[in-house]
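Notes for the one structure printed next.
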Amino acid sequence: MKIILGPASTALAEKIAQLTNQEKVPVAHKTFPDGESYIRLEGNVQNEHAVIVQTTSAAQDTQLMQLSFLADAAKRNGAHKVTAVVPYLAYARQDKIFLQGENISIETIARMLQAAGVDALLTVNIHSENTLKKFPFPAKTLSAIPLLAEYFVQKGFKKAFALAPDKGAMYIAEQAQKILGGEAGHLEKHRDRYTGQTSQTGKNLNVKGQTVVIFDDIISSGGTIVGAAKILRELGAAKIFTACVHPLLIGNAEKRILDAGVEEIVGTDGVASRVSKVSLAPLIAEALKAQEIG
Ligand code: R5P
């Protein structure tokens, strides 16, 4: 196995190469004046299982093109198998037709990656695990929630309340609850599919005087966490924290969340950010070592 250092995830890929004790393949890359991407493998992948580590976060379209080009380059240079390790897989939220006339973005992406040469995919906390069943190659998602919950145990917040911002994320809160050992619950969130506006309520939630950690897969604009924090304050929570796997933190999301009374935001290095305090490297390295995919 050789680990290709995708331009969007170089630091994480280096850690994974170290933990798996596999050789690294550096990548030369540049962007042409018109915005087009260029990549070149700076190592030999002949007869190798090439593992490309490349997230697809804020510059997702460019990063997806880089990933596709890397898969193609690996195959053209003799790799017998290409596995894409994509910690944050963009476009996974458009996983069904919500309104007539739409496409299913994540299925388009999967077919695009297959055409480029990807034979298997490993991701982390994909928005909905069912999505992967439609992929044209073996695909698996890992969960970083236990690692995030462990961060709060280490901080001395064992027994904290694990809160999901919506019912769909309750499985995330339950995974965190197993580590934290306290209670778990969820808010109700409704999204208007035309305007994108969301509204949340916190019926039957007893968090008075408790330390609450809001767990989510993604923090993007921060609106979901700001809304949840407002409800938690109204319900009398003593301390509020938030943890997410993919800290996209678009615009002033970090400031908005802190201004809403959240004491700390914790994310992983699947998307490199100021709050990436938990590394995915051990989780991904273990999965690669166990050959859990493909
Ligand atoms: C949506 O269902 C996701 O799980 C997240 O809650 C959402 O993407 C967060 O977005 P934002 O930070 O913009 O509210």
Quiz item: For Lys255 and Ser128 in the same chain, what is the full-extension length gain: residue separation times 0.36 nm, less their Cα-Cα distance, in nm?
Solution: 42.9 nm
Practice problem: Sum -39500 (n - 2.57) across every DSSP H segment of at least 4 residues in the chain, then divide by the residue count to get the 222 nm mean residue ellipticity, nearest 500. | Solution: -9000 deg cm²/dmol
Practice problem: Determine the principal axes of the Cα atoms in the chain, then give the extent along each, sorted from largest to smallest and rounded to whole angstroms. | Solution: 60, 45, 36
Quiz item: Among all lysine pairs in region 1-141 that are eight or more places apart or on different chains, how many have alpha carbons less than 27 angstrom apart?
Solution: 26
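So what are region 211-294's ellipsoid semi-axes, whole angstrom, largest first, if each one is the square root of 5 times an eigenvalue of the alpha-carbon gyration tensor?
Three semi-axes, in Å: 28, 14, 10.
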Quiz item: Could you name the aspartates and glutamates in cross-link range of Lys239, using Cα to Cα under 12 Å and dropping any fewer than eight places away on the same chain?
Solution: Glu263, Glu264
Self-check item: Accessible area expressed per residue, region 201-286, with surrounding protein chains retained (probe 1.4 Å, Å²)
Solution: 39 Å²
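The values are calculated or read from the model by the stated rules, or taken from the named source; none is laboratory data. Source: prediction; values computed, not measured. Side chains are part of the model used for accessible areas, which takes the heavy atoms of the whole protein and leaves out ligands, DNA and RNA. Shrake-Rupley method; radii C 1.70, N 1.55, O 1.52, S 1.80 Å.
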